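Beneath this line is the structure, given in structure tokens, with notes to follow.
Read-outs throughout are calculated quantities, based only on the coordinates presented, and are distinct from any laboratory measurement. Being a predicted model, the structure only gives us computed values, none of them experimental. Quick reminder, even Gly has a Cβ in these numbers, built from the backbone with ideal geometry, and neighbours come from all protein chains shown.
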């Protein structure tokens, strides 16, 4: 979530192309965005002589500071969560067990996965995106069929996928949304996680037919709890991971600060010089928290929405409000914009949530004092249906 420079250990930096390339990317990888900070931490490791696990680019102390921040060194905090979670995640990745991050959608599992990979390996781009269409060759390796026909099976004809590259180079591989994959595809990881070896039987008895993982290789998988049971992991695969749960942000002030910070960053990237008013963001975050919890800040019970109302969704709505206000009207966004974009969020998973949102605006928001709360109440007519 900050801005970066170039490192030897980060192959992904080649994607910048030219000196201005990173600024033109819609979403640079962590090792590009925070390159200067990674270099500072690497230099500090050399200076202090901090022990570095085999195959890692940084010490555990440096990885921790990269993720959670270090004001003294000028390193920004990039993940809001329990520091002990980060510590446990690092320790797991320094062992021969994979790391499984589970939690509600929008709790920054993917962000934490990316930050860990960038700090440990210098690259976060060895990523497998889970889904129903994922096949084993997209995880391990495939073939250049022109060379395969011309020369037969050879390393020259082999096209490495992220898992092959991670084992070959000693890098962390990220497996996003693993439970969205068919079970037989998930289980393709078993031998790599157990024996740290990948067999390529097409290469015959040649020693090249066995790829042994180098120091630094490991796997970080993520799965959201809303998908539990979609493709339940086998017991054998579960035993090869340490599970860590990433919880939503519990503190209102912390969540509001994060939404404000991320909204500023995204609006600047979108060419918007102003952000929604602080009072409007306060209303937005309060609304999200109450609809998510099924309880008002005063402790009154209410019907909560079934749709995902994560911090990430709040940032997305705040970003859209700022873009809409600036480019369509020349202002910083309004309560009406919140209602219209919140309606899309609420209707995404369950149309009944629109009724719940309307009831919240009419029964709870109508009684609140303050210009932005009243504007939010008046904007209820913008809800569809």
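In table form, for the structure just shown:
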item	result
For region 29-88 and region 359-384, distance of Cα centres in Å	44
Whether region 241-281 is rounded, prolate or oblate, judged on the alpha carbon gyration tensor where a/c under 1.5 counts as rounded	oblate
Stokes-Einstein D for the chain, Kirkwood Rh over Cα pairs, 10 °C, 1.306 mPa s (µm²/s)	69
Potential lengthening between residue 351 and residue 159 on full extension [0.36 nm per residue; Cα-Cα distance subtracted]	64.7 nm
Tensor-based shape of region 157-207 (alpha-carbon gyration tensor, a/c under 1.5 rounded, otherwise prolate or oblate)	prolate
Packing-based exposure ordering (other Cβ within 10 Å, fewest first) of 183, 178	183, 178
297, 84, 113 arranged by Cβ crowding within 10 Å, fewest neighbours leading	84, 297, 113
Per principal axis, descending, Cα span of region 41-128 in whole Å	39, 30, 24
Value at 222 nm in deg cm²/dmol, rounded to 500, when DSSP H runs of n ≥ 4 in the chain each add -39,500 (n - 2.57)	-12500 deg cm²/dmol
Counting DSSP beta bridges with both ends in the chain, the antiparallel % (nearest 5)	30
For region 267-302 and region 337-351, distance of Cα centres in Å	14
Residues residue 135 and residue 212, FRET efficiency given R0 of 30 Å [Cβ-Cβ distance, rounded to 0.05]	0.80
Inter-label distance, nm, simple model (7 Å from Cα along the C-beta direction), residue 362/residue 252	2.6
Spin-label pair residue 143/residue 25, simplified geometry with 7 Å Cα→Cβ offset, distance in nm	3.4
Radius ratio Rg over Rh of region 112-225, counting only Cα atoms, Kirkwood formula for Rh	0.98
Over region 252-382, equivalent-ellipsoid semi-axes from the Cα gyration tensor in Å	23, 15, 14
Cα-based radius of gyration of region 309-385 once divided by 2.2 N^0.38 Å, which approximates compact folds	1.08
Largest-first ellipsoid semi-axes for region 222-313, taking √(5λ) over the Cα gyration tensor eigenvalues, angstrom	31, 20, 11
Residue exposure sequence - 373, 56 - by fewest surrounding Cβ within 10 Å	373, 56
